[in-house]
Amino acid sequence: MKFTFVTLFANLVEGYFEDSILKRAIEKNLFFVDYLNPRDFSDNKHSKVDDTAVGGGAGMVMNPQPLYDSLRDLKKRDKDVHIVFLTPVAKPFRQNDAKRLAKKTHIAFVSGRYEGIDERVIEEFADEVFSIGDYILTGGELASLVLCDAISRNIEGVLGNSDSLSVESFETSLLEAPSFSKPKNYEENSVPSEYLKGNHSKIRSLKLALSECKTKFFRPEQLLKHRTRKSYEK
């Protein structure tokens with residue numbers, strides 16, 4: 001798997017891969033990361049990549065020429081590259097998307113800046129467009145990293161224990177049950193006693209009940225989905 005970050009600010013992204021799980025995955029050649037700067041393709045003598053918005057409005061917009069030429073070059077080098085744009089004006093990114101995209105061979109994340117990207121670029125090159133939430137960021141680099149992290153951990157071998165994927169939030173309609181570590185007692189707080197008795201059947205039942213409680217509190221719509229599915233299965 002290869003990830004290409006199409007960004008004006010590669011330095012904002014590079015540091016994320018210098019530690020921990022993703023660094024080890026790169027060292028094991030489980031995936032690769034590279035960068036493509038649209039500014040390098042600008043035909044402006046000052047390497048300018050933005051301009052005023054047609055029709056008025058505040059701020060500047062990334063103009064089409066540098067992005068058109070950089071993405072054309074990318075597709076010329078790899079016709080199978082899957083190009084993803086990050087924008088709040090898009091469908092939400094979900095865990096199922098992460099699992100599905102982990103099967104691709106090459107994904108390019110296009111990070112916007114300023115007031116956004118000229119829509120003609122998105123219409124011409126986007127294979128998919130995602131949002132990571134109902135809020136506005138300064139640029140698309142953080143959103144690109146969110147997708148890359150979520151996708152890469154679904155690549156075989158990236159996680160030390162692949163079984164951990166199966167118990168995480170959003171693998172079902174429920175949020176994940178609370179986790180506890182040693183010591184068993186800390187500052188007069190103890191882990192649930194059932195966790196200490198070694199009865200795995202009862203532990204699973206308790207974890208399910210705790211998952212339902214968490215989901216009811218934080219994401220009630222997910223609990224409704226869970227109960228609807230269970231009712232349908234009966």
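Data overview
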read-out: Qualifying residue in region 38-57 (condition: free of Cβ contacts under 8 Å to residues at least 24 places away in the same chain, under 18 Å from ALA10 (Cα atoms) and either in the same structural domain as SER173 (by TED's automatic domain parsing) or not charged (D, E, K, R) (or both)); value: yes
read-out: Pairs, first in contact (Cβ under 8 Å) with a residue 12 or more places away in the chain in region 199-220, second part of a helix (DSSP H, G or I), C-beta under 6 Å, six or more apart; value: LEU206/GLU194; THR215/GLN222; THR215/LEU223
read-out: Search result, residues across region 134-150 that are more than 16 Å from MET62 (Cα to Cα), of a type in the set (Asp, Glu) and assigned to a helix (DSSP H, G or I); value: ASP149
read-out: Count of residues meeting criterion [closer than 30 Å to THR172 by Cα and in a loop (DSSP other than H, G, I, E, B)] in region 114-133; value: 4
read-out: Residue among TYR35, TYR16 that is touching a helix residue (DSSP H, G or I) at 6+ places or on another chain (Cβ under 6 Å) and under 26 Å from ILE155 (Cβ atoms); value: TYR16
read-out: Test result for GLU221, modelled with pLDDT under 90, at positive phi and acidic (Asp, Glu); value: no
read-out: From the options ALA98, ALA90, ALA108, residue that is under 14 Å from PHE5 (Cα atoms) and small (Gly, Ala, Ser); value: ALA108
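The values are calculated or read from the model by the stated rules, or taken from the named source; none is laboratory data. Bear in mind that the values here come from a model prediction, so they are computed numbers and not experimental data. Note that we place each Cβ from the backbone using ideal geometry, even for glycine, and neighbour counts take in every protein chain shown.
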